[in-house]
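The values are calculated or read from the model by the stated rules, or taken from the named source; none is laboratory data. Please read all numbers here as calculations on a predicted model, not as lab measurements. Backbone-built Cβ (ideal geometry, glycine too); neighbour counts: all protein chains shown.
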Protein chains: 2
Amino acid sequence: MSKKVVIVGGVAGGASTAARLRRLDEQAEIILFERDGYISFANCGLPYYIGETIVERSNLILQTPQMMLDRFNIDARLHSEVVSIDSAQKKVTVKSADRGVYEETYDVLVLSPGAKPFVPPIAGVGSDKIFTVRNIPDADRIKAVVDNMAHKKEGTEAVVIGGGFIGVEMAENLVERGIAVTLVEAAPHILPPFDDDMVTLAEKELADHGVRVIAGDGVQGFAEIPDRDEIEVALQSGARLKAGMVILAIGVKPDVDFLKGSGLQFGPRGHIVVNDRMQTNLDSVYAVGDAIQVVDFVNGSETAIPLAGPANKQGRIAADNICGIDSRFRGSQGTSIIKIFGLTGAVTGNNERTLRRLGMAYRVVHVHPNSHASYYPGATPITLKVLFDERGKVLGAQAFGYDGVDKRIDVIATVIRMGGTIDDLKELELSYAPPYSSAKDPVNMAGFLAENVLAGRADLFVSSDIDGMDREKAVLLDVRTDLEYENGHIPGAIHLPLDELRPRLGELDPSKAYWVYCKVGFRGYLAERILKQRGFKARNLSGGYASYEIAHY
Amino acid sequence: MSKKVVIVGGVAGGASTAARLRRLDEQAEIILFERDGYISFANCGLPYYIGETIVERSNLILQTPQMMLDRFNIDARLHSEVVSIDSAQKKVTVKSADRGVYEETYDVLVLSPGAKPFVPPIAGVGSDKIFTVRNIPDADRIKAVVDNMAHKKEGTEAVVIGGGFIGVEMAENLVERGIAVTLVEAAPHILPPFDDDMVTLAEKELADHGVRVIAGDGVQGFAEIPDRDEIEVALQSGARLKAGMVILAIGVKPDVDFLKGSGLQFGPRGHIVVNDRMQTNLDSVYAVGDAIQVVDFVNGSETAIPLAGPANKQGRIAADNICGIDSRFRGSQGTSIIKIFGLTGAVTGNNERTLRRLGMAYRVVHVHPNSHASYYPGATPITLKVLFDERGKVLGAQAFGYDGVDKRIDVIATVIRMGGTIDDLKELELSYAPPYSSAKDPVNMAGFLAENVLAGRADLFVSSDIDGMDREKAVLLDVRTDLEYENGHIPGAIHLPLDELRPRLGELDPSKAYWVYCKVGFRGYLAERILKQRGFKARNLSGGYASYEIAHY
Ligand SMILES: Cc1cc2nc3c(=O)[nH]c(=O)nc-3n(C[C@H](O)[C@H](O)[C@H](O)COP(=O)(O)OP(=O)(O)OC[C@H]3O[C@@H](n4cnc5c(N)ncnc54)[C@H](O)[C@@H]3O)c2cc1C
Ligand SMILES: Cc1cc2nc3c(=O)[nH]c(=O)nc-3n(C[C@H](O)[C@H](O)[C@H](O)COP(=O)(O)OP(=O)(O)OC[C@H]3O[C@@H](n4cnc5c(N)ncnc54)[C@H](O)[C@@H]3O)c2cc1C
Ligand SMILES: CC(C)(COP(=O)(O)OP(=O)(O)OC[C@H]1O[C@@H](n2cnc3c(N)ncnc32)[C@H](O)[C@@H]1OP(=O)(O)O)[C@@H](O)C(=O)NCCC(=O)NCCS
Ligand SMILES: CC(C)(COP(=O)(O)OP(=O)(O)OC[C@H]1O[C@@H](n2cnc3c(N)ncnc32)[C@H](O)[C@@H]1OP(=O)(O)O)[C@@H](O)C(=O)NCCC(=O)NCCS
């Protein structure tokens, strides 16, 4: 007998489940319920449609119910909200635009309702000048306002609340449309997957393109301004911003209200709990996507990672298990990437913040190698930070740059996925010709440096250590050239260029510890090696003056 | 007591060994002998200097002897050819421009003499119109001729003999200088690391940019044309080409003549035999780089892979071992990459040719996914081929495309390095935002398909299987749209669009096997799944009509 599978939510997780299910089981009856007017659309493309990088609205829609029927024999029902599930009776209740309220039975139920924008219960939040970005109707609404702004005299500015990925993408795309944007972030910095000593590169790129970034200040309330087509945003600091529109993007929460009372087990932050086969605690009920809780692949703790890659893969895994194939989801590592004007930022695995919170010991290296051979035109530096433990296991990486960032983070993501160590980073045989990389790829470089750290050959300090240094016992030593030193150096640093270090060693005091730095860390490392082998105490600034400047932006 | 290390060859392997040695041992005496007038130069940049993409000649030179002295306290001696080594006495004999012939003793000897262009003993090969490309003087000579060609009336064409990486790079760069180029390759196709069903993409790109590619025809001899500034190239087919210059790039062989009679052990093709610590059979003698034999990381056989990445890494490993650090070289997997005008080709691991030669069983998949989300502007297809064994172990991959090729091959190279399987390809969590990739990255896609193959869900055939199909028992079925079919299809194929397949199944003959194809393989796979589950025999063309066209270019 063919089975009847009911799927709630028709986009990333839901549509993926449905398509794979059909391929595995031509006989199954598959019904897809979607509350909205669209299935299978490109959520991730919405900001770029508003920004008009994506010009054709139709390009956002990958599959329609008709296509799903013709190709996959799937019954996709739009404007059909599942309002409750009954796992004892194996049925769902549906509130539909055309058929009213009805019940549908199932043999297997798959939940992929996703996550909805978090809207804080603060004054004025209901204003129609405040928008969230989740689906095509949201994008249509925002785009209509933006299209109109060009013709307006007042209210031509926008405030984006929240400096996460969606907030930053929205800021960029509004700027692309000529709108003046202020980005407000309550935390000290935007883009929480990145550490503070990296993310200023993103903040600088935003500022360089005219975005006013206000970090460390939260929103307190909103008030429409009488007789003006504007809204006022009150910040906790007391500052007041005026804007024609506000984008609220302070995070998402699982869209699971309809599941309350169903007997489903939820995690501490309201996510559906599943096992590695995407099975919930209820018989024949699976869940995937942004609404579920997953295992952090690196540290093993429970977390939630609302990203399309995992959602798509989880859908495929759920379908497999429904059809008796033993597929497992082994956790998410949070690999993600963002374009910020010309800059790319990408991250994989855990950052320092997470590792510290969990009390996990880690070591860190910073490098700034070129995206490809420096003698071939167009090379630009990649700022790469790699975190690893005492046994060399790679825990995470973050990178910013103008070219080749995605490649390096994907390579490190692969190493992490395979449980690799810094020795693997070092040994990887990556493709090299001058337009693409260097004979020692940036990933290899990070591996070499990390190996030196663990072997005790390189003793690194980071920018934030400088505040705590005992200037009686330790001396900051700048080993760059005269010109570099004159153009700016760390306060209190003395100066002795690397290439003069050996002959001028007599000028140094063997009773002091030398905290060496250069531009990116390479010459500092050479100086450290010379000093240590000549009987001095020495350490080297990780990532050099370049990393110091990033951390002090 | 500090040790005295003598290094032969001052470029990729030699200079890397020297630099790492100094970092590990500040006291060692390090002498670097270089036959030529340059150490530490960018071999890989030479074609681009000739093509004037790299404008400044000085950019090709990374380190001079003076820099090596100031920074690393290394004694680098130019124009100093080591003419013999005596491992019993631990000394080398040097023929130098300034000091004549002298001996230098060593505690440790490191050989990094590299490989030299193979010059076949054929008629006329000594002509001064024939050039090889190895070092800066070679590049200077070629560039002088090229610079002059612009002013010439005759002899303004070039013939490049050899379609390996250097030959193709030279062809491209000569075209960039406005020269008409014919590329001659004796094998049926150029670029031997790629299989025949992929490499035509490179041949097409060359042709599209005006390079005349003559494959399957070898050079027989050369003759200078009297009274003209030209040389005639006679091919084995009898064809004759005229040119102002000939670039001979038919491969390299180890530059080890000076080591004959030294007692050093050589491999079957004349490479120095070393263990995984880069030690030769002679006491205290190490060897690295293009001159050595290495283990093929994938199949374990002995091979030689003349690439800069391995040479640099081997130099570092040799230095480690000289200083008592237990570093090992675990073999080369031949990851390499080439820019051909706008196209990128990259490869890692073994190709079909190698696997067949070794009698290793393998499976293959071809996919053509977009470089990034298709709804975001600028996406272009990547043609990706992945080879794996019955247990899923990834053996090799090849890709061509206009964007994102290097990333995908590097990710797969990483999986291979870590001993990974197609399940790893499938599960990798790679960075996704619309400008960079898709929620299912091309690498994931190849993994899904490979999994289906091994699970027996997808039964693939390749273009070359079509010739041998029994048309009585099997029917070629094109499931693309009417328009696609009319614009060109495989001879003899019948046509039934995928979206009409279910209702029109009655038109098919259950006694036949259906060999299905679509454009890239996806719809063919869907058709295969439907057919099989409805009681038909079916298989699907790997990579679809796109791969068929590539194989039949
Ligand atoms: C603006 C934006 C940009 C993004 N950019 C990226 C990016 O660059 N990279 C990335 O990896 N991820 C990105 N994401 C996240 C990604 O889109 C999600 O991770 C992914 O879509 C989650 O899939 P899902 O199936 O869980 O939920 P969704 O794709 O949100 O689908 C859930 C669907 O279920 C429907 N639904 C909910 N409840 C019910 C109900 N009771 N009955 C019927 N239907 C219901 C909803 O209407 C919705 O259509 C972005 C998201 C947004 C909003
Ligand atoms: C045109 C060109 C393009 C290339 N492009 C790429 C690329 O894109 N990617 C890539 O990975 N690889 C590329 N390579 C290959 C790469 O350059 C080599 O793999 C690498 O340089 C090998 O290093 P090595 O130290 O073994 O030899 P080399 O770098 O060749 O150095 C050997 C040196 O030893 C000297 N020498 C030899 N014998 C003696 C002696 N008896 N006494 C003293 N000195 C001696 C030689 O003069 C030479 O300078 C390219 C090579 C060429 C020629
Ligand atoms: C498009 C969507 C319906 C999924 O459909 P899908 O049929 O799984 O399509 P995909 O394009 O991902 O193709 C994957 C399948 O094709 C197969 N395939 C891909 N290329 C192939 C080829 N060249 N030859 C053979 N098979 C191929 C894969 O093996 C896989 O099949 P499997 O899962 O049975 O192994 C769903 O992902 C969706 O709705 N996406 C839009 C929403 C979304 O993801 N939003 C967030 C990102 S913006
Ligand atoms: C340049 C050359 C002399 C090597 O010198 P090198 O000192 O090893 O230089 P690299 O730039 O490769 O730097 C690598 C070292 O710097 C360290 N390093 C790099 N960036 C660092 C940073 N930011 N902080 C600290 N250390 C850093 C690495 O750990 C490594 O040191 P280790 O080997 O002791 O671990 C040699 O590779 C060469 O001659 N190259 C040109 C020829 C060539 O390769 N041709 C073929 C390709 S065109």
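Some notes on this structure:
- Top-ranked residue of region B:227-241 - restricted to ones that are in a loop (DSSP other than H, G, I, E, B) and closer than 13 Å to B:E154 by Cβ, ranked as nearest to the chain's Cα centre (by Cα): B:D229
- Matching option when the condition is in a strand (DSSP E or B) and not acidic (D, E), among A:V110, A:V145: A:V110
- Any chance A:I530 is within 30 Å of A:V213 (Cα to Cα), touching an Asp or Glu at 6+ places or on another chain (Cβ under 8 Å) and surrounded by 18 or more Cβ atoms within 10 Å (Cβ to Cβ): no
- Residues (part of a loop (DSSP other than H, G, I, E, B), touching a residue at least 40 places away in the same chain (Cβ under 8 Å) and under 21 Å from B:A18 (Cα atoms)) located in region B:290-313: B:P306
- Being within 14 Å of another protein chain (Cβ to nearest Cβ) and either within 13 Å of ligand 2 (Cβ to nearest atom) or of a type in the set (A, V, I, L, M) (or both) is a property that holds for B:I136.
For every residue, the table says whether it meets (1) within 21 Å of A:L355 (Cβ to Cβ); (2) within 16 Å of ligand 2 (Cβ to nearest atom); (3) touching a helix residue (DSSP H, G or I) at 6+ places or on another chain (Cβ under 9 Å).
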{"residue": "A:V295", "(1), (2), (3)": "yes, no, no"}
{"residue": "A:L307", "(1), (2), (3)": "yes, no, yes"}
{"residue": "A:A319", "(1), (2), (3)": "no, no, yes"}
{"residue": "A:R330", "(1), (2), (3)": "yes, no, yes"}
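- Residues that are in contact with a Lys or Arg (Cβ under 9 Å, 6 or more places away or on another chain) and either without any contact (Cβ under 8 Å) to a residue 40 or more places away in the chain or not in a helix (DSSP H, G or I) (or both) within region B:148-157 comprise B:A150, B:E154, B:G155, B:E157, listed in sequence order.
- Region B:55-69 residues that are farther than 11 Å from B:G45 by Cα, paired with ones that are of a type outside the set (A, V, I, L, M, F, W, C) and not in a helix (DSSP H, G or I) (beta carbon under 6 Å, 6 or more apart): B:L62/B:S40; B:Q63/B:S40
- Note on region B:43-60: residues that are in contact with a strand residue (DSSP E or B) (Cβ under 8 Å, 6 or more places away or on another chain) and near ligand 2 (Cβ under 8 Å from one of its atoms) amount to 0.
- Helices (runs of 4 or more DSSP H) fully within region A:341-441 counting 2 or more residues that are surrounded by fewer than 19 Cβ atoms within 10 Å (Cβ to Cβ) and either free of Cβ contacts under 8 Å to residues at least 24 places away in the same chain or touching a Cys at 6+ places or on another chain (Cβ under 7 Å) (or both): A:352-357
- Residues in region A:387-442 that are hydrophobic (A, V, I, L, M, F, W, C) and either within 16 Å of ligand 2 (Cβ to nearest atom) or within 7 Å of another protein chain (Cβ to nearest Cβ) (or both): A:I409, A:V411, A:A413, A:V415, A:M418, A:L428, A:L430, A:A433, A:A439.
- Residue satisfying all of: in region B:274-291; touching a Leu at 6+ places or on another chain (Cβ under 8 Å) and either away from chain A (no Cβ under 14 Å) or surrounded by fewer than 19 Cβ atoms within 10 Å (Cβ to Cβ) (or both); nearest to A:A433 (Cα to Cα) among these: B:A291
- Selection from region A:242-276 of residues that are in a loop (DSSP other than H, G, I, E, B), farther than 28 Å from A:M149 by Cα and in contact with a strand residue (DSSP E or B) (Cβ under 7 Å, 6 or more places away or on another chain): A:D255, A:V256, A:S262, A:L264, A:G267, A:G270, A:H271, A:V273, A:V274
- Filtered residues of region A:443-492 (kept if away from chain B (no Cβ under 14 Å), surrounded by fewer than 16 Cβ atoms within 10 Å (Cβ to Cβ) and small (G, A, S)): A:S464, A:G468, A:G488, A:G492
- Of the strands (runs of 3 or more DSSP E) contained entirely in region A:452-553, those carrying at least 3 residues that are within 16 Å of ligand 4 (Cβ to nearest atom) fall at A:513-517, A:537-541.
- Residue check: A:H79 meets all listed conditions (1) away from ligand 1 (no atom under 14 Å from the Cβ); (2) within 35 Å of the chain's Cα centre (by Cα) but one, namely (1).
- Tally of residues being surrounded by fewer than 19 Cβ atoms within 10 Å (Cβ to Cβ) and in contact with a strand residue (DSSP E or B) (Cβ under 8 Å, 6 or more places away or on another chain) across region B:1-30: 4
- The residue pairs whose first member lies in region A:517-538 and is more than 9 Å from chain B (Cβ to nearest Cβ) and touching a residue at least 60 places away in the same chain (Cβ under 8 Å), whose second member is β-branched (V, I, T) and surrounded by fewer than 24 Cβ atoms within 10 Å (Cβ to Cβ), and whose beta carbons are closer than 7 Å, counting only pairs six or more residues apart or on different chains, do not exist in this structure.
Results for (1) closer than 17 Å to A:I340 by Cβ; (2) surrounded by fewer than 16 Cβ atoms within 10 Å (Cβ to Cβ), shown as yes or no for each residue.
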site	(1), (2)
A:A202	yes, no
A:E205	yes, no
A:G216	no, yes
A:Q220	no, no
A:L241	no, no
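- Of all residues making up region A:339-377, the number that are more than 12 Å from ligand 4 (Cβ to nearest atom), touching a helix residue (DSSP H, G or I) at 6+ places or on another chain (Cβ under 9 Å) and polar (S, T, N, Q): 4
Each row is one residue, and each column tells you yes or no for (1) at negative phi; (2) within 16 Å of ligand 4 (Cβ to nearest atom); (3) of a type in the set (K, R).
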{"position": "B:V233", "(1), (2), (3)": "yes, no, no"}
{"position": "B:L241", "(1), (2), (3)": "yes, no, no"}
{"position": "B:G251", "(1), (2), (3)": "no, no, no"}
{"position": "B:G289", "(1), (2), (3)": "no, yes, no"}
{"position": "B:F297", "(1), (2), (3)": "yes, no, no"}
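- Residues of region B:9-42 satisfying the condition of being closer than 16 Å to B:M67 by Cβ, among the charged types (D, E, K, R) and more than 9 Å from ligand 4 (Cβ to nearest atom): B:E34
- Among the residues of region B:318-340, those identified as more than 11 Å from every other protein chain (Cβ to nearest Cβ) and either modelled with pLDDT under 95 or assigned to a helix (DSSP H, G or I) (or both) are B:A318, B:A319, B:N321, B:I322.
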